[in-house]
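The values are calculated or read from the model by the stated rules, or taken from the named source; none is laboratory data. These figures come from a predicted structure and were not determined experimentally. Please note: Cβ atoms are built from the backbone with ideal geometry, for glycine as well, and neighbour counts cover all protein chains shown.
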Amino acid sequence: MQAMVSTQNDGALLSGRVAFVTGAARGIGLAVSQAFLEHGASVAMADVQAESVRASAEGLAGEFGDRTLALALDVTDEAATEQAADAAVERFGKVDVAVPNAGVLLLRHSVDIELDDWRRVIEINLTGAFITARVLARRMATLGGGGRIVFTSSLFGLRGGRENAAYSASKFGMVGLAQSMAAELAADGILVNCVCPGQMDTDMIRQLFRDRAAIRGIPESEVRGALESRIPAGHLGPLSQLAGTYVYLASSLCDYVTGQAITVDGGWQVG
Ligand SMILES: NC(=O)c1ccc[n+]([C@@H]2O[C@H](COP(=O)([O-])OP(=O)(O)OC[C@H]3O[C@@H](n4cnc5c(N)ncnc54)[C@H](O)[C@@H]3O)[C@@H](O)[C@H]2O)c1
């Protein structure tokens, strides 16, 4: 079946579309929410940090009016996700783009990871994304207008790395989940893809610098410098550049793209 997400034809790429973005209080989720709004969508912004996501949505509401909705949500809670999805549909009439993006980082050698920490990373990054995707997919299928699911995986969803076992396993799992859902949901006009960011300039990456510096007993600046020197583009990724890939995957520009993992990494993978 042809992808069927409807648009109002006023020139904006996402005009008339309604998105549900998790982990939207800050970082990549906030940048994606802003880019979607700039391209004409309405956005339900969900995050476990209730105050923070409310403040972020209010900040955007100044420019984008009533096209934002803040939702307090722990993505590991399926019943709460059902309620949040209902609230978005009640407010905007539908949801046709889901961005399971909420995630946490754990830097630990595989032999040293506490099992509780392993489970927390898998539970938030993989199970939480699965819950968001299927709760929204059910609504898209019921509403019958097709849709888009754009997961935030990672470059570590395509390759492993030192001190990255739990995080990398969760992000590899997401790529397999996206491929499976893409095959299943194409008949409903729902396209499912992953964005795999390299090293983006967010709080999460600054935490990585701190943690890795502590593990290796070297200054944070040395960790950052070593990492940036491995990126052919020479610097961490700007969030505005990353967000454009989500806009593309949510738009009619890619009606024949599904089951893909698209890397946005300044050339890191090939450099
Ligand atoms: N920053 C990078 O370089 C990078 C690279 C590749 C992938 N990613 C992925 O992008 C996503 C966003 O990363 P970021 O850099 O913006 O991180 P961030 O830490 O700045 O933001 C993550 C957001 O997720 C929210 N969150 C965490 N647990 C949650 C839960 N259980 N329920 C709901 N919300 C929850 C946090 O409150 C936070 O607002 C993550 O999935 C991350 O793994 C980031």
Practice item. Just need a number here: residues in the stretch 25-50 that are hydroxyl-bearing (Ser, Thr, Tyr) and away from the ligand (no atom under 13 Å from the Cβ). Key: 1
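Listed here are the residues, each with its yes/no results for (1) touching a helix residue (DSSP H, G or I) at 6+ places or on another chain (Cβ under 6 Å); (2) farther than 24 Å from Ala35 by Cα.
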| site | (1), (2) |
| --- | --- |
| Glu163 | no, yes |
| Phe172 | yes, yes |
| Gln179 | no, yes |
| Val192 | yes, no |
| Asp201 | no, no |
| Ile231 | no, yes |
Review point. Say we look at the stretch 92-103 and pick out the residues that are crowded, with 16+ Cβ neighbours inside 10 Å and over 17 Å from the mean Cα position of the chain (by Cα); which of these is nearest to the ligand (Cβ to nearest atom)?
Key: Phe92
Point to revise | Residue within the stretch 66-87 that is surrounded by 14 or more Cβ atoms within 10 Å (Cβ to Cβ) and over 24 Å from Phe130 (Cβ atoms) present | key: yes
Review point. Among Val257, Val270, Val264, which is in contact with a Pro (Cβ under 9 Å, 6 or more places away or on another chain) and either at pLDDT 95 or above or of a type in the set (Lys, Arg) (or both)?
Key: Val264
Review point. Can we say Val247 is in contact with a His (Cβ under 6 Å, 6 or more places away or on another chain), away from the ligand (no atom under 12 Å from the Cβ) and touching a residue at least 12 places away in the same chain (Cβ under 8 Å)?
Key: yes
Practice item. Could you tell me whether Ser56 is in contact with a Leu (Cβ under 9 Å, 6 or more places away or on another chain), in a helix (DSSP H, G or I) and within 14 Å of the ligand (Cβ to nearest atom)? Key: yes
Study note, to complete from the structure: Taking the stretch 218-236 and the residues there that are within 14 Å of the ligand (Cβ to nearest atom) and out of contact with any strand residue (DSSP E or B) (no Cβ under 9 Å at 6 or more places or on another chain), the one that is farthest from Thr152 (Cα to Cα) would be Val223
Practice item. Would you be able to tell me the number of residues in the stretch 59-83 that are hydrophobic (A, V, I, L, M, F, W, C) and within 13 Å of the ligand (Cβ to nearest atom)? Key: 6
Check your understanding: Which number in (1) touching a residue at least 60 places away in the same chain (Cβ under 8 Å); (2) away from the ligand (no atom under 15 Å from the Cβ) marks the one condition that Met200 misses?
Key -> (2)
**Study point:** Hey, Ala50 modelled with pLDDT of 95 or more, hydrophobic (A, V, I, L, M, F, W, C) and under 15 Å from Val75 (Cβ atoms) or not
**Key:** yes
Check your understanding: Looking at the stretch 104-217, what helices (runs of 4 or more DSSP H) fall wholly within it and have at least 1 residues that are touching a strand residue (DSSP E or B) at 6+ places or on another chain (Cβ under 7 Å) and buried (at least 18 other Cβ atoms within 10 Å of the Cβ)?
Key -> 128-143, 165-185
Review point. Counting only residues that are modelled with pLDDT of 95 or more, more than 11 Å from the ligand (Cβ to nearest atom) and among the hydroxyl-bearing types (Ser, Thr, Tyr), how many does the stretch 1-24 have?
Key: 1
Exercise for review: Would you confirm whether any residue within the stretch 135-150 is more than 10 Å from the ligand (Cβ to nearest atom) and closer than 30 Å to Val223 by Cα?
Suggested key: no
